[in-house]
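Undergrad: What follows is a single structure, and I will ask about it in a moment.
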Ligand SMILES: Cc1ncc(COP(=O)(O)O)c(C=O)c1O
């Protein structure tokens, strides 16, 4: 309590706006909260040190950059060790390393046996990879709205289910876990699989369980913008041995290598036609060092986000982004709802003038309004996703996601960083406390 009081005091005179005349906003010629603009950075790379260097040197010196074999006696086994540690951290039986989050989605969709004639429900606001992985399997993507969590609205899922629906993509967007306790019962009731896309939320949890461990299969991106990173990278997790075997086989041309076979026990499947999504040992080494830092990174981001939440939540009338489990959220950004887009845009502009860059929700796109999606453009005109009666009839575009567009238009916020100092967080609080009352109306 004392700390909180001290912290609010450090947020400056602007913290007691109700007691004084409203300070003049920087956008109107007033003194800005900060002289130099605050900037959230790429999280994982800020933690690169001798540990990543050692892992890379190990691989270089071993001359075994390929995960399965090479010259010399002692294989470094970086990728395999990463897989084992990642699975343990995510509380799943198995993990498979792949070159990207997109590759992880392709592998997961194929592991579930999703193909032509099947439908998969996904949120209207997410990354291209989600839609593309479904289409690349020949299946049909069906959009559901998001709600004020910025994640798929469980209340909108059921009306999108048809006899052809095979899976739901529960995407945990911008660090915030989707409301899994509302999604899983719908899936189970209709016999659907759940793919958890944790690309933007690696390390987040929901009611004590790591995201990725609650559905049938989970995926992560380990690309530059993500919690931990090797520049590019991805992982698939599951506790189902058959799904892991299908994923491992699909990622390596249909075959199953000895280390994965040992992990699984007796194989249950025949070889089938798979693709090539193996990770190399350099990437595995960097990710091994990074996964050991995951909890440090998220501990710092969460603490910073908490400082900001605690510093602004008492503002009269404030609407914060909904968090189905506040303790499990990563704290990627602190977002506030406004009455309309005009007020949100004024907030964003005014915050920028204060030296605290704000923005609308980011890192994803409103997929149904993308021209190539509306026009169902694929690599071949006979692509099976859109040649069935359902595929021909389905309409994308604005009409399938008006609520998604409305939510994204009226929310604005500030991205957080693990390396923000207490003073940086106090500046965010001071700027919000100065700008919000002036623009919220
Ligand atoms: C929700 C979501 N899924 C999948 C991906 C794909 O990950 P990658 O960029 O590693 O291919 C991303 C990337 O940003 C993402 O945001």
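Coordinate-derived values only; no laboratory data. Keep in mind the model is a prediction, meaning the values are calculated, not measured. Cβ placement follows ideal geometry from the backbone for every residue including glycine, while neighbour counts extend to all protein chains displayed.
Undergrad: Restricting the count to DSSP beta bridges whose residues both fall in segment 50-293, what percent are antiparallel, rounded to a multiple of 5?
TA: Here the antiparallel bridges make up roughly 45 percent for segment 50-293.
Undergrad: By how many degrees, 0 to 90 and rounded to 10, does the Cα axis of helix 294-312 deviate from the longest principal axis of the chain?
TA: Tilt of helix 294-312: around 30 degrees.
Undergrad: Same structure, new question: How many angstrom lie between the C-alpha centres of segment 81-105 and segment 111-172?
TA: That distance is 22 Å.
Undergrad: Give me 424, 197 ranked fewest to most by other Cβ atoms within 10 Å of their Cβ, as a rough exposure proxy.
TA: 424, 197
Undergrad: Where does each of 282, 86, 143 land when they are ranked from fewest to most other beta-carbon atoms within 10 angstrom?
TA: 282, 143, 86
Undergrad: Tell me the angle of helix 341-353 to the major Cα principal axis of the chain, expressed in degrees between 0 and 90 and rounded to the nearest ten.
TA: The two axes meet at around 80 degrees.
Undergrad: Counting DSSP beta bridges in the chain, what percent are antiparallel, to the nearest 5? Intermediate results must be reported in sequence, preceding the final value.
TA: On the way: 23 of 39 bridges.
Bridges in the chain that DSSP calls antiparallel: roughly 60 percent.
Undergrad: Something else: Considering only DSSP beta bridges where both residues belong to segment 77-217, give the percentage that are antiparallel (nearest 5).
TA: So the antiparallel bridges in segment 77-217 amount to around 20 percent.
Undergrad: In what order do 245, 158, 232 fall by count of nearby beta-carbon atoms within 10 Å, going from fewest to most?
TA: Starting with the residue having the fewest Cβ neighbours, the order is 158, 232, 245.
Undergrad: Rounded to the nearest 10 degrees, what's the angle between the helix 241-251 long axis and the longest principal axis of the chain, both from Cα atoms, 0 to 90?
TA: Helix 241-251 sits roughly 90 degrees off the main axis of the chain.
Undergrad: Additional query: When only C-alpha pairs under 8 Å and at least 6 residues apart count, what is the relative contact order of the chain, in percent?
TA: 24
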